[in-house]
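Remarks on the structure that follows.
The values are calculated or read from the model by the stated rules, or taken from the named source; none is laboratory data. Only a predicted model underlies this, so the values are computations on that prediction, with no experimental measurement involved. Note: ideal-geometry Cβ built from the backbone for every residue, glycine included; neighbour counts use all protein chains shown.
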Amino acid sequence: MALNQLETILYSVDDGIATITLNRPEKMNAFTAKMRDEIVAALDETDRDDKVRAVIFTGAGDRAFCAGADLSSGGNTFDYADRKEASREEAVVNGVYRDGGGMTTLRIYKSLKPVIGAINGAAVGIGVTMQLPMDIRLASTTARFGFVFSRRGIVPEAASSWFLARAVGMQTALEWCYTGRVFNAEEALQRGLVRSLHAPGDLMPAARALAREIADNTAPVSVALTRQMLWRLAAADDPMYAHRIDSRAIQARGKAADAKEGVSSFLEKRKPVYPNKVSSDMPDFYPWWKEVPFE
């Protein structure tokens with residue numbers, strides 16, 4: 001998909017920081033199959049582009065990050081087979097239509113670059129579940145959240161049954177999903193869904209400052225590995241799996257040019273210039289989950 005022909009999102013890169021903006025403000029950035037495909041295409045590009053060091057997601061306008069699925073199809077909105085929802089070949093497996101939200105969150109989960117959510121307004125349904133695989137979530141004080149699925153006669157989607165309890169604990173996850181109620185930004189902060197709250201005008205500068213700290217000071221291959229290690233090994237059933245991957249990663253990184261530069265720049269009290277690239281210099285054991293038996 002050509003990124004110069006996007007219809008439902010905006011994509012830009014500025015000084016190493018990519019911004020993906022959900023861009024249907026007249027519909028409160030409601031999610032569609034087209035948006036799903038464009039988000040996936042944008043993340044394919046951020047993984048390919050070595051100039052991109054971090055990714056920020058936000059929503060267009062001042063009303064919503066994403067108000068959930070576009071309900072304009074009426075009562076059959078969630079009947080994917082009836083709507084012939086699949087626009088990608090892999091969307092139908094053995095006669096089952098894959099959940100489009102899950103295809104989105106799993107692509108975010110696989111990202112090689114850190115993903116920051118700047119949640120600028122209403123975020124319900126897929127508008128909140130798509131945030132869960134984002135690494136760090138910042139919110140506007142005006143944001144509101146809701147896992148409203150039980151109030152629409154469906155169930156949590158977008159792999160949120162895996163992600164949500166890991167973020168906020170089982171009790172909170174069950175309460176939010178059972179009741180389907182909409183809650184404010186302060187509750188999201190208190191329960192651990194978001195990292196910090198900001199006045200609306202301060203939200204994007206805060207997100208960019210965080211992305212800038214990553215982009216200016218860290219080795220991109222190390223960050224890419226760290227992201228996958230923390231996400232994937234947190235689900236392992238024994239710390240020995242983590243020890244096995246840690247050992248391989250430290251050995252691979254320790255002999256790389258980045259490690260030499262990291263130590264030299266520290267001793268010389270200068271800004272590091274890391275030579276290794278995510279596109280070409282990931283260690284040979286990556287992706288390890290293709291061979292380790294716990295996945």
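The table that follows gives values for the structure above.
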quantity	calculated
Residue selected from segment 120-166 under the condition touching a Lys or Arg at 6+ places or on another chain (Cβ under 6 Å) and within 18 Å of A30 (Cβ to Cβ), by the criterion surrounded by the fewest Cβ atoms within 10 Å (Cβ to Cβ)	A122
Residue within segment 154-172 that is within 20 Å of the chain's Cα centre (by Cα), outside the structural domain of V263 (by TED's automatic domain parsing), farther than 29 Å from R48 by Cα and of a type in the set (A, V, I, L, M, F, W, C) present	yes
Residues of segment 221-256 that turn out to be in contact with a Phe, Trp or Tyr (Cβ under 6 Å, 6 or more places away or on another chain) and among the acidic types (D, E), as a count	0
Single residue of R270, R195 found to be of a type in the set (D, E, K, R) and either assigned by TED's automatic domain parsing to the domain that holds G68 or buried (at least 16 other Cβ atoms within 10 Å of the Cβ) (or both)	R195
Restricting segment 3-59 to residues that are of a type in the set (F, W, Y) and buried (at least 22 other Cβ atoms within 10 Å of the Cβ), the residue that is farthest from the chain's Cα centre (by Cα)	F31
Failed condition for W231, given (1) touching a helix residue (DSSP H, G or I) at 6+ places or on another chain (Cβ under 8 Å); (2) surrounded by fewer than 17 Cβ atoms within 10 Å (Cβ to Cβ); (3) under 21 Å from K51 (Cα atoms)	(3)
